[in-house]
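S.K.: Got a structure here, written out as structure tokens. Questions coming.
The values are calculated or read from the model by the stated rules, or taken from the named source; none is laboratory data. Everything quoted here is computed from the prediction, not taken from an experiment. Note: ideal-geometry Cβ built from the backbone for every residue, glycine included; neighbour counts use all protein chains shown. Areas reflect the complete protein model, heavy atoms only, side chains present, ligands, DNA and RNA absent. Shrake-Rupley method; radii C 1.70, N 1.55, O 1.52, S 1.80 Å.
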Amino acid sequence: MASAPNTALRAARNARLMSQDDLARALREAGCASATKRLVQRWESGLTANPRPSHARALEKVMRLPIESLGFGAVMAGRSLSGGEDGTVVDSAIGEVAPEQFAAARRPRTPGNYSGIWLSRYEYYSSGRDATFTAVHHVVVLQHDNRLTVRSLPNSAQSSLEMDFTVDGHVATGTWSEHTAQDGYYRGAYYHGAVQLLIELTVARMAGKWVGFGKSFEINSGPWELVLQDSSTSKAAIDAYDRPPEAV
């Protein structure tokens, strides 16, 4: 049986406008002396399903993503390669996440099934306040074939959030829009843009980047992640998460 291509790694490389030679060169500069274009080709074709630990560390350093988001499953979702002695789960995109928030990752999930309640978090820089903020929502994800609709629960945050994705392998590509609170800093303004997330093999976390415009029409970008909270979309599950997420 033919190996499945690693579409997540290829998408991450293309998103950085890197050729296979460029990636191999960056890996060598990161301390992975044995990295070659041929090695990158083997990863992307699926002929090599899991990199060596030294290669994995270099990939994380160069791509600035956890190895699981690059289409490999050698490390448990949410953990750094070193695996902290205290069991702390490290979210390389945004910050630290308590281990219990990844409880959903330890429950069996059907591959390719993304419906459920997820925790959405993204970072943005406010030029008016000269500070970086994190926006957090509980969202409902519903799947229709390879399309995902994402809608925030009304009581989980003051703003309302919508996202629409198309899933191709381990890559979710789509758009986002947010209606800010009328009495908030942005006075009910609407913002929208594009987003691309890489899906971990556990189907319990997606992480990537958003792109959008600011109030002065400059183009901004930042990290965005979705972390599975509950695989159910029943009324009881929705009611249970229709509240502000706990501080993270």
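S.K.: Give the residues of segment 198-216 that are among the small types (Gly, Ala, Ser) and within 15 Å of PHE72 (Cβ to Cβ), sorted by residue number.
M.R.: ALA207
S.K.: Restricting to segment 21-39, give me the number of residues that are within 13 Å of MET63 (Cα to Cα) and open to solvent by less than 80 Å² (accessible area, probe 1.4 Å).
M.R.: Total meeting the criteria: 6.
S.K.: How many residues does segment 34-58 contain that are under 23 Å from the mean Cα position of the chain (by Cα) and in contact (Cβ under 8 Å) with a residue 40 or more places away in the chain?
M.R.: 3
S.K.: Next question, about the same structure. If you take the residues in segment 49-58 that are open to solvent by less than 30 Å² (accessible area, probe 1.4 Å) and not small (Gly, Ala, Ser), which one is farthest from HIS170 (Cα to Cα)?
M.R.: The selected residue is HIS55.
S.K.: If you go through segment 52-68 one residue at a time, do you hit one that is farther than 30 Å from THR36 by Cα and at pLDDT 80 or above? Give the steps one after another, and end with the answer.
M.R.: Step one: filter segment 52-68 for residues farther than 30 Å from THR36 by Cα, giving none.
No - not one qualifying residue is present in segment 52-68.
S.K.: Applying the selection to segment 180-217, what residues are farther than 20 Å from SER156 by Cβ and free of Cβ contacts under 8 Å to residues at least 12 places away in the same chain?
M.R.: Passing the criteria: ARG187, PHE217.
S.K.: For segment 218-245, give me the residue count where each residue is in a strand (DSSP E or B), surrounded by 14 or more Cβ atoms within 10 Å (Cβ to Cβ) and either touching a residue at least 24 places away in the same chain (Cβ under 8 Å) or hydrophobic (A, V, I, L, M, F, W, C) (or both).
M.R.: Qualifying residue count for the region: 10.
S.K.: When HIS192 is evaluated against the numbered criteria (1) surrounded by fewer than 14 Cβ atoms within 10 Å (Cβ to Cβ); (2) part of a loop (DSSP other than H, G, I, E, B), which criterion, by number, is the only one it fails?
M.R.: Tallying (1) surrounded by fewer than 14 Cβ atoms within 10 Å (Cβ to Cβ); (2) part of a loop (DSSP other than H, G, I, E, B), HIS192 fails exactly one: (2).
S.K.: For segment 195-217: of the residues being part of a loop (DSSP other than H, G, I, E, B) and small (Gly, Ala, Ser), which is nearest to the chain's Cα centre (by Cα)?
M.R.: Looking at the filtered set, the residue picked out is ALA204.
S.K.: May I pose another question? Looking for something assigned to a helix (DSSP H, G or I), open to solvent by 70 Å² or more (accessible area, probe 1.4 Å) and either at pLDDT 85 or above or not charged (D, E, K, R) (or both) - is there at least one such residue anywhere in segment 69-77? Step through it out loud before you land on a result.
M.R.: Taking segment 69-77 as the starting set, the residues that turn out to be assigned to a helix (DSSP H, G or I) are 69-70.
Going one step further and asking which of them are open to solvent by 70 Å² or more (accessible area, probe 1.4 Å), we end up with none.
No, segment 69-77 contains no residue that is assigned to a helix (DSSP H, G or I), open to solvent by 70 Å² or more (accessible area, probe 1.4 Å) and either at pLDDT 85 or above or not charged (D, E, K, R) (or both).
S.K.: In addition: Restricting attention to segment 145-161, which residues are outside any loop (DSSP other than H, G, I, E, B) and either open to solvent by 90 Å² or more (accessible area, probe 1.4 Å) or more than 17 Å from PRO245 (Cα to Cα) (or both)?
M.R.: ARG147, LEU148, THR149
S.K.: Residues in segment 18-67 that are in a loop (DSSP other than H, G, I, E, B), closer than 22 Å to GLU200 by Cα and out of contact with any Leu (no Cβ under 8 Å at 6 or more places or on another chain): how many? Give the derivation first.
M.R.: Applying the first criterion (in a loop (DSSP other than H, G, I, E, B)) to segment 18-67 yields 18-19, 30-36, 46-52, 64-66.
Imposing the further condition that a residue be closer than 22 Å to GLU200 by Cα reduces the set to 18, 46-52, 64-66.
The next check asks that each one be out of contact with any Leu (no Cβ under 8 Å at 6 or more places or on another chain); those that pass are 18, 46-47, 49-50, 52, 64, 66.
Total meeting the criteria: 8.
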